[in-house]
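Throughout, read-outs are computed from the coordinates displayed, never taken from laboratory work. Just so it is clear, the structure is predicted and the values come from calculations on it, not from any experiment. Glycine also receives a Cβ, built like all others from the backbone with ideal geometry; neighbour counts cover every protein chain displayed.
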Amino acid sequence: MTADTAPPRRVDERTFSALYRDHALGLTRLAYLMLADREAAQDVVQEAFLGLYRRWPSLRDKDKALTYARSAVLNRCRSLLRARRLPLRRTHEPPAWSAESEALLSEDRRQVLTALHRLPPRQREALVLRYFLDLTEEETAQAMGVTRGTAKSTVSRALTALSRHLEP
């Protein structure tokens, strides 16, 4: 068979479904923390997985599919934030993913999330990746598309800014 007559490569439905099942909620939370808009966050994640599904047969390393999806979510969040052109000014209310999570939301957590949304988007992104998703410095840098040193310094500046926003 020549390349022109080769059968089309197929999506491994089981692997793709497992990836979606295991990571869609976490990626939605990531998008929500970046955008403070639940519907937009859900749309961003759906678009990321749709793009991943389309590209699945051509992915060389399926083990990097989550990295691709995470980067796609962040890129779409950046685009939406740029389109807004104005910083988020409304009070941020975290989502209630379940009755248990609603009960656990304290005033302190609300203050931290509000302060997080006062940060520039790139700093917010760095903190969310590093501490919310618990990524390593290298993984954070990879997701942000920057060097490890840039990611590390962005996280440091973001923590300093966040602490200023949280001072009484």
Original post:
Between the DSSP loop rule and a limit of at most 14 other Cβ atoms within 10 Å, which GluC sites (Glu not before Pro) in region 102-168 are left?
Top reply: none
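Which chymotrypsin sites (Phe, Trp or Tyr not before Pro) does region 7-60 hold that lie in a coil by DSSP with at most 10 other beta carbons within 10 Å?
Numbers: sites: Phe16, Tyr20, Tyr32, Phe49, Tyr53; in loops: none.
Here no chymotrypsin sites (Phe, Trp or Tyr not before Pro) fit, given the DSSP loop and packing criteria.
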Original post:
So what are the ³J(HN,Hα) numbers for region 129-139, from phi and the Karplus equation (6.51, -1.76, 1.60; θ = phi - 60°), rounded to whole Hz, Gly and Pro as x?
Top reply: 5, 6, 10, 6, 8, 6, 7, 6, 4, 5, 5
